[in-house]
Amino acid sequence: MALLLFLAFLAVPIIEITVIIKVGGLIGVWQTVALIVLTAAAGSALVRAQGFQVLARAQKSLDRGEFPAAAMVDGLALLVAGVLLLTPGFVTDAMGLVLLMPPLRRAIAGWVLRNLLLRGHMHVHAGFGTAQRPPRDDDVIEGEFREIPPDEIGDGRDRPGS
């Protein structure tokens, strides 16, 4: 896995630089720079809009007492899409745009999760069930009490440990 990451960190910049040089030769330097900035701005706006939708879905799941697993996976994929779209280059922008398409995002996320589960390198723990919480009543204060006879008030015997 470490070798794969090393190769990716080595290959991606080389591929990006090559594509940027080719595109710059075809359309010009300033048009290429403008296109890179435009894709970063448009991509971040799309990630933001979809991120709010995913957040709303997660909130609805939590309100129903369900664990928002699908929304969490979508949120993680959107985070990766945002990083890819903000990274200068056309190849990373294309990969980021793929992650912005919900059907493709879910298919890729499903494939990644399946591979992680098959390798046994992933553990999922949830800290709550699907039971509904009881309604809160702010007028109720829970606690214990002990009645103190009037003749004991003020002599220190009502304090714990006395």
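Things worth noting here:
- As computed over the stretch 12-61, the Cα convex hull volume per residue (Å³): 78 Å³
- Computed on the Cα atoms alone, the convex hull of the stretch 1-108 gives a volume of 97 cubic angstrom per residue.
- Surface listing: T39, T18 arranged by accessible area from highest to lowest gives T18, T39, probe 1.4 Å.
- Per-pair calculated FRET efficiency, R0 = 35 Å: V12 and K60 via Cβ, rounded to 0.05: 0.45
- Global geometry of the stretch 75-123, whether rounded, prolate or oblate, following the gyration tensor of its Cα atoms and the 1.5 cut on a/c: prolate
The values are calculated or read from the model by the stated rules, or taken from the named source; none is laboratory data. Predicted, not measured: the structure shown is a model, and the values here were computed from it. Using ideal geometry, Cβ is built from the backbone for each residue, glycine included, and neighbour counts are taken over all protein chains shown. SASA here: full protein model, heavy atoms, side chains in, ligands and nucleic acids out. Shrake-Rupley method; radii C 1.70, N 1.55, O 1.52, S 1.80 Å.
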